[in-house]
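**Student:** There's a structure below that I have some questions on.
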Amino acid sequence: MYDLMIKDGGTVFLGSTEEKVYDVDSIFQRIELCLSLDKGSFIYNKNLGSTIPKLDYSTEEDLAQLEMYINQCVFSIVNTRVTVLSVDKEKQTVKISLKLGNKEYVKEVNVYGRL
């Protein structure tokens, strides 16, 4: 018998061993949550959230900073790498490529008016 809980955006099965199990949708959900919250606004974790509205997405440096931030969101998930493909200020989305192991997933993530 295993106990089940949600921790750090993933499902943890507790029993004889601890193992985090992630699916692609939960990883994208985690990224969306990190991008859509103002840093410090989430009462349970003041480090969660971002300062992305302060970035100018027309410069390579700011796009690299956004990519670095998104990779920090998924840092604890082994063999995961995120690349920012594009930013659409009009649609308020960031199109990203998520490499999980040897598979790649591309999705537009909504940032809910934060760009």
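**Student:** Condition first: small (Gly, Ala, Ser) and within 11 Å of the chain's Cα centre (by Cα). Now tell me which residues in region 38-75 satisfy that.
**Tutor:** Filtering region 38-75 for residues small (Gly, Ala, Ser) gives 40-41, 49-50, 58, 64.
Selection gives Gly49, Ser50.
**Student:** Now for a separate question. Among (1) outside any loop (DSSP other than H, G, I, E, B); (2) out of contact with any strand residue (DSSP E or B) (no Cβ under 9 Å at 6 or more places or on another chain); (3) of a type outside the set (Gly, Ala, Ser), there is one condition Ile43 misses while meeting the rest; what is its number?
**Tutor:** If we test Ile43 against (1) outside any loop (DSSP other than H, G, I, E, B); (2) out of contact with any strand residue (DSSP E or B) (no Cβ under 9 Å at 6 or more places or on another chain); (3) of a type outside the set (Gly, Ala, Ser), just (1) comes out false.
**Student:** Step by step: first the residues of region 76-97, then only those that are in a loop (DSSP other than H, G, I, E, B) and touching a residue at least 12 places away in the same chain (Cβ under 8 Å), then the one that is farthest from Ser36 (Cα to Cα). Which residue is that? Full working, then the answer.
**Tutor:** Let us first name the residues in region 76-97 that are in a loop (DSSP other than H, G, I, E, B), namely 76-79, 89-92.
After this cut, where a residue has to be touching a residue at least 12 places away in the same chain (Cβ under 8 Å) as well, the list is 76-77, 79, 89, 91-92.
Working: Ser76: 20, Ile77: 20, Asn79: 24, Lys89: 14, Lys91: 14, Gln92: 10 Å.
The extreme case among them is Asn79.
**Student:** Follow-up question, since we're still on this one. I'd like to know if region 98-114 contains one or more residues that are of a type in the set (Gly, Ala, Ser) and not in a loop (DSSP other than H, G, I, E, B).
**Tutor:** So far as region 98-114 goes, no, none of its residues is of a type in the set (Gly, Ala, Ser) and not in a loop (DSSP other than H, G, I, E, B).
**Student:** From Glu67, Glu32, Glu18, Glu61, which residue is of a type outside the set (Lys, Arg), exposed (fewer than 13 other Cβ atoms within 10 Å of the Cβ) and at pLDDT 80 or above? Quick ask: steps written out before the conclusion?
**Tutor:** Numbers: Glu67 fails: exposed (fewer than 13 other Cβ atoms within 10 Å of the Cβ); Glu32 fails: exposed (fewer than 13 other Cβ atoms within 10 Å of the Cβ); Glu18 fails: at pLDDT 80 or above.
Being of a type outside the set (Lys, Arg), exposed (fewer than 13 other Cβ atoms within 10 Å of the Cβ) and at pLDDT 80 or above holds for just one of Glu67, Glu32, Glu18, Glu61, which is Glu61.
The values are calculated or read from the model by the stated rules, or taken from the named source; none is laboratory data. Being a predicted model, the structure only gives us computed values, none of them experimental. Cβ atoms come from the backbone with ideal geometry, glycine included; neighbour counts cover every protein chain shown.
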